[in-house]
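Student: Following this message is one structure expressed as structure tokens.
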Amino acid sequence: MRILIHDASVLIDLIAVDILETALSLPYKMETTDLVETEIFRGGQKDILARMVAARKLEVIRSTKEEISGIAELYNLTPALSLADCSVLFHAVAKGAVVLSGDARLRRIAKERSLSVHGTLWILSELVDNGLLVRAEATEILERLMKINPRLPLSECRELLALWKNP
């Protein structure tokens, strides 16, 4: 089973539009890192994330001392990334996992390291393709997400909306 390692941006997007639990039902092993977990600090978001972890729908990778050293070394080599982003990159390389991120810098560096990289829009597409959302629901969710996350790629959003509105 493919492993998907979430960064904070994707988790926050999915929580914001109330589909984290649905997204974690996709046929992948869903993980995040302990350092990403600490970035989710708003009360409601933190509570939702904790529920998903407790329900074993999302696994939190607890980094060992040796892994923390490797993450810190990676952080020193890639100052454009946060320590939490470096933890996602480090564990994705170690596990051959897919990186789930909306952060342009993390996405670029992960691709440079030949990792597969996807984001929130891919998750929405997967939810439709796997029958967990119907197109009308996905359209409404994406429209809401576009209002709260201006960093989403507008052209890709428009393509998905056109596809889902006119199958």
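Student: I need the calculated FRET efficiency for the pair ASN166 and ARG51, taking r as the beta carbon distance and R₀ as 22 Å, to the nearest 0.05.
Tutor: 0.05
Student: Over segment 38-131, what is the relative contact order in whole percent, taking alpha-carbon pairs under 8 Å and six or more residues apart?
Tutor: Once normalised by length, the contact order is 16 percent.
Student: Over what distance in Å are the Cα centres of segment 50-70 and segment 26-44 separated?
Tutor: Cα centroid of segment 50-70 versus Cα centroid of segment 26-44: 8 Å apart.
Student: Between PHE41 and SER114, what is the label-to-label distance in nm when each label sits 7 Å out along the Cα-to-Cβ direction?
Tutor: Once both label points are built, they end up 3.8 nm from each other.
Student: Could you work out [θ]222 nm for the chain from helices alone, using -39500 (n - 2.57) per DSSP H run of at least four and dividing by all its residues? Round to the nearest 500 deg cm²/dmol.
Tutor: Helix contribution divided over all residues of the chain: -18000 deg cm²/dmol.
Student: Spelling out what I want: for every residue of segment 44-51, take phi, set θ = phi - 60°, compute 6.51 cos²θ - 1.76 cosθ + 1.60 (Karplus), and round to whole Hz; glycine and proline get x.
Tutor: Calculated HN-Hα couplings, in order: x, 5, 4, 5, 4, 4, 4, 5 Hz.
Student: Let me ask something else about it. Placing unit charges on C-beta atoms (Lys and Arg positive, Asp and Glu negative, everything else neutral), compute the dipole magnitude of the chain about its Cα centre in debye, rounded to 20.
Tutor: So the dipole magnitude of the chain works out to roughly 140 debye.
Student: Among ASN130, LEU74, TRP164, which residue has its Cα positioned farthest towards the positive end of the charge dipole of the chain, with +1 placed on the Cβ of Lys and Arg, -1 on the Cβ of Asp and Glu, and the dipole taken about the Cα centre?
Tutor: Value: TRP164.
Student: Across segment 71-79, in residue order, what do the Karplus-derived ³J(HN,Hα) couplings come to in whole Hz, using 6.51 cos²θ - 1.76 cosθ + 1.60 with θ = phi - 60° and x for Gly and Pro?
Tutor: 5, 5, 5, 4, 4, 5, 7, 10, x
Student: Where does helix 154-165 land angle-wise versus the long Cα axis of the chain, in degrees 0 to 90, nearest 10?
Tutor: 40 degrees
Student: Full-extension gain between GLU59 and GLU137, please, as 0.36 nm times their residue separation minus the C-alpha to C-alpha distance.
Tutor: Answer, rounded to one decimal: 25.4 nm.
A short reminder: the numbers here are calculations on the coordinates, not readings from a lab. Keep in mind that what you see is a predicted model, and the values were worked out from it rather than measured. No Cβ is skipped: glycine too gets one built from the backbone with ideal geometry, and neighbour counts run over all protein chains shown.
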